[in-house]
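The values are calculated or read from the model by the stated rules, or taken from the named source; none is laboratory data. This is a predicted model, so every value here is computed, not measured. Heads up, the Cβs are rebuilt from the backbone with ideal geometry, glycines too, and the neighbour counts pull from every protein chain shown.
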Amino acid sequence: MAADTARLICDSAALLDSGRAVRFEVPGPDGQPQAAIALRYQGRVYGYLNACRHIPIELDLQDGNVFDLSGQYLVCSMHGALYLPANGRCVGGPCRGQSLQALPLMEAEGKVWLNVMPD
Ligand code: FES
């Protein structure tokens with residue numbers, strides 16, 4: 001994986017299915033770092049900005065625990081909004097119908113990468 005097109009986020013083994021997310025940062029539009037999460041759901045890796053669509057705070061309590069007890073939803077620790085892990089869509093709670101901002105993660109060579117190719 002070329003370093004100019006992809007940024008290493010973590011080893012693939014660090015992401016267990018419906019397990020703890022790996023936290024990382026991406027530069028925001030103003031150049032300030034924004035919190036982001038990488039997670040695995042039903043075998044696939046997904047990445048999102050770690051910002052609830054109700055109030056833009058981090059979903060977890062900085063511990064990477066973003067899945068609910070069923071392992072089927074991402075849950076906001078503040079007011080309990082539920083998001084679908086596979087597309088980030090909110091299906092329950094105060095921001096129902098909105099979606100987390102997805103990030104282009106991919107898996108190769110036993111590692112998880114963020115695609116940083118310019119559009
Ligand atoms: S801040 Fe996430 S549900 Fe309210």
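From the residues in the stretch 76-87 that are crowded, with 21+ Cβ neighbours inside 10 Å and either modelled with pLDDT under 95 or under 14 Å from the mean Cα position of the chain (by Cα) (or both), which one is farthest from the ligand (Cβ to nearest atom)?
Pro85
Taking into account only those residues within the stretch 43-67 that are under 19 Å from Gly92 (Cβ atoms) and either touching a His at 6+ places or on another chain (Cβ under 7 Å) or polar (S, T, N, Q) (or both), which is farthest from the ligand (Cβ to nearest atom)?
Only one residue fits best here, namely Asn65.
Just the residues that are exposed (fewer than 14 other Cβ atoms within 10 Å of the Cβ) and outside any loop (DSSP other than H, G, I, E, B), please, taken from the stretch 93-114.
Hits for the stretch 93-114 are Ala102, Ala108.
What are the pairs with Cβ atoms under 9 angstrom where one residue, in the stretch 55-77, is closer than 12 Å to Leu39 by Cα and the other, located anywhere, is of a type outside the set (Lys, Arg) and modelled with pLDDT under 95? Sequence gap at least six, or different chains.
none
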